[in-house]
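Working notes, beginning with the structure itself.
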Amino acid sequence: MGVSDMGSPEDVGALTLRLFNNLVKVSDSMGRVTGSSRANRDAARDEALRRLSARSGIPRPPVVNAAEHVSHVLRRAIIEGLLAPGTQLSEQHLGAALGVSRNTLREGFRLLTHDRLLVHHRNRGVFVPRPDAADLADLYRLRQALEGGALRVAGPVAPEHLRTLAADVAAGDAAASRRRWRQVGTANMDFHEHLLMLAGSPRIVEIGRQVLAETRLAFLHLDAHALHEPFLARNKGLLALLRTNRLQQAAEELQAYLRDSEQQVLATLTAR
């Protein structure tokens, strides 16, 4: 799929995320998970990954081998909130869920470790990392450069790109109306990925996907409602500017938007 192919995401990921959340049972007020419910949680996550692996129409880079497909599916699982920070990845379960060998899975892990989306601990295994405040500050610097730069170099926005951005905004509103705040976060990540695509640069999009996935990991520590609700209206405002090709004004608004988001996120993290 090329940069100009911006088909709207299917809702399979949202459905599987609801399934995942519904199957997690808390055994007591301390939040410990029973062995039975942990098995249900893992089974739901595996099913979610199987569905992600089979999906078409989700934003994705060209995939040339099985390991890249694995890395794409796991990256998308992070974007959709299916793999939380601190999660240990089981080769046995993931290999079965994705229908790949352990060697292929390990190569996919290696690709994502290089992208800082997984971390390998010697004698312990592979884990989803936990970004800290310093990571977040660095990620927002990158987002300012990438997303703001994409708008500054973009030409007139094509109708099909506007339709895709509008679909992201609508998906966020629909999820908010159902109080599915993590799904709002997924729609927001898709909106920002599609902003990157306006630059017409596969390299910007590739780097941006990594940065957005890392950002989402940090977001999963936070109250998704408080984090995402204020930015629903601002996404609509950016879309309105793009519809009238006011790209410079949109770039300036995005700069303020990202600055405000960074301050909100860092204030929450440092208060924890």
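Within the bounds of the range 165-174, is there any residue that is out of contact with any Phe, Trp or Tyr (no Cβ under 9 Å at 6 or more places or on another chain), crowded, with 22+ Cβ neighbours inside 10 Å and under 26 Å from SER71 (Cβ atoms)? No: zero hits.
Taking the numbered list (1) surrounded by fewer than 23 Cβ atoms within 10 Å (Cβ to Cβ); (2) touching a residue at least 24 places away in the same chain (Cβ under 8 Å) in turn, ILE79 passes all entries but (1). Within the option set ALA199, ALA137, being surrounded by fewer than 20 Cβ atoms within 10 Å (Cβ to Cβ) and over 14 Å from the mean Cα position of the chain (by Cα) holds for one residue only, ALA137. Among the residues of the range 116-124, is there at least one that is aliphatic (A, V, I, L, M), surrounded by 14 or more Cβ atoms within 10 Å (Cβ to Cβ) and at pLDDT below 90? No. Output yes when any residue across the range 98-105 is at pLDDT below 90, surrounded by fewer than 18 Cβ atoms within 10 Å (Cβ to Cβ) and among the small types (Gly, Ala, Ser), and no when none is. For the range 98-105, residues at pLDDT below 90, surrounded by fewer than 18 Cβ atoms within 10 Å (Cβ to Cβ) and among the small types (Gly, Ala, Ser): present.
Hey, does the range 60-70 have a residue that's surrounded by 17 or more Cβ atoms within 10 Å (Cβ to Cβ), modelled with pLDDT under 90 and outside any helix (DSSP H, G or I)? Yes, that holds for at least one residue. Filtered by the rule that a residue be of a type in the set (Val, Ile, Thr) and free of Cβ contacts under 8 Å to residues at least 60 places away in the same chain, the range 105-161 gives THR113, VAL119, VAL126, VAL153. Could you list, in sequence order, all residues of the range 142-162 that are within 15 Å of ASN188 (Cα to Cα) and in contact with a Ser or Thr (Cβ under 8 Å, 6 or more places away or on another chain)? Scanning the range 142-162 gives a single hit, ARG143. Collect the residues in the range 171-193 that are at negative phi and either touching a Cys at 6+ places or on another chain (Cβ under 8 Å) or not in a helix (DSSP H, G or I) (or both), keeping them in residue-number order. Listed by number, the residues that qualify are ARG178, ARG180.
The values are calculated or read from the model by the stated rules, or taken from the named source; none is laboratory data. All figures in this text were calculated on a predicted structure; none of them were measured in a lab. As a convention, Cβ positions derive from the backbone with ideal geometry for all residues, glycine included, and neighbour counts pool all protein chains shown.
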